[in-house]
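Single-structure report; data block below.
The values are calculated or read from the model by the stated rules, or taken from the named source; none is laboratory data. Just so we're clear, the structure is a prediction, and the values are computed from it rather than from any experiment. Every residue, glycine among them, receives a Cβ derived from its backbone with ideal geometry; neighbour counts consider all protein chains shown.
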Amino acid sequence: MESASPIRTLRPPAELDYYDTRSVLLPVAVTPLEAWNIMTAKPGVLLRLAFRTRDAISALFGVKRIDGFSGRQRISVGVGDRLDFFLVEECAPDRLVLTARDRHLDVMICLSVDDRVLTVTASVVTHNRFGRVYMLPVGPAHKLIVNSNLKRVKQVLKKRVASA
């Protein structure tokens, strides 16, 4: 019997304005929240600069600042909590679903874990021209950021295994 996919998106992929899913095989199993904590623990200089640039440009169009990732580590979260600028919409042992919604676009990030495979899926629905223009640089940048984050999770976990 085939199990249902733990991946969640805003709409079916064909109906999205942006869709990206990336996975990595980890040396040990982790929860989605543990993976999130590793990915956001130490935002690099380029990511911090990207968030500052995003906030400066977006403010010109009346979009709320998001200030990037704080690096704050969480032991647990529940539906309705915030992880930086994301709202936690679902938290399960195999899935963490985060959203950010405004008048320009809706974003959903789904971190899912199946055995030792961590998958990060981004889905976006744009609502207007600003949302579509916003996604032109953000889409390609998001792929690079997620690739880097997945690599970091794998490296951190390899070090943990080696030192255990």
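Can you tell me which residues in segment 127-154 are crowded, with 18+ Cβ neighbours inside 10 Å and over 22 Å from residue 96 (Cα atoms)? Selection gives 131, 134, 135.
If you scan segment 44-57, which residues turn out to be closer than 18 Å to residue 104 by Cα and in contact (Cβ under 8 Å) with a residue 12 or more places away in the chain? Correct list: 51, 54, 55.
The residue list 60, 136, 144 contains one member that is under 22 Å from residue 154 (Cα atoms), without any contact (Cβ under 8 Å) to a residue 12 or more places away in the chain and out of contact with any strand residue (DSSP E or B) (no Cβ under 7 Å at 6 or more places or on another chain), which is 144. Taken over segment 106-153, the criterion of being closer than 19 Å to residue 42 by Cβ and part of a helix (DSSP H, G or I) is satisfied by 141, 142, 144, 145, 146, 147, 148, 149, 150, 151, 152, 153. Residues that are of a type outside the set (A, V, I, L, M, F, W, C) and farther than 13 Å from residue 148 by Cα were ranked within segment 21-37; the one that is surrounded by the most Cβ atoms within 10 Å (Cβ to Cβ) is 32.
Within segment 1-43, the set of residues being outside any helix (DSSP H, G or I), without any contact (Cβ under 8 Å) to a residue 12 or more places away in the chain and either touching a Lys or Arg at 6+ places or on another chain (Cβ under 7 Å) or not hydroxyl-bearing (Ser, Thr, Tyr) (or both) comprises 1, 2, 4, 12.
Of note, residue 156 does not satisfy the criterion of being within 11 Å of the chain's Cα centre (by Cα), more than 26 Å from residue 53 (Cβ to Cβ) and either part of a strand (DSSP E or B) or modelled with pLDDT of 95 or more (or both).
For segment 82-102, the set of residues classified as touching a residue at least 40 places away in the same chain (Cβ under 8 Å) and over 15 Å from residue 8 (Cα atoms) consists of 83, 84, listed by residue number. Is it fair to say residue 72 is at pLDDT below 95 and either surrounded by 19 or more Cβ atoms within 10 Å (Cβ to Cβ) or on the phi < 0 side of the Ramachandran plot (or both)? So residue 72 fits the description; yes.
The requirement of being at pLDDT below 90 and either of a type in the set (Val, Ile, Thr) or on the phi < 0 side of the Ramachandran plot (or both) is fulfilled somewhere in segment 5-23, by at least one residue.
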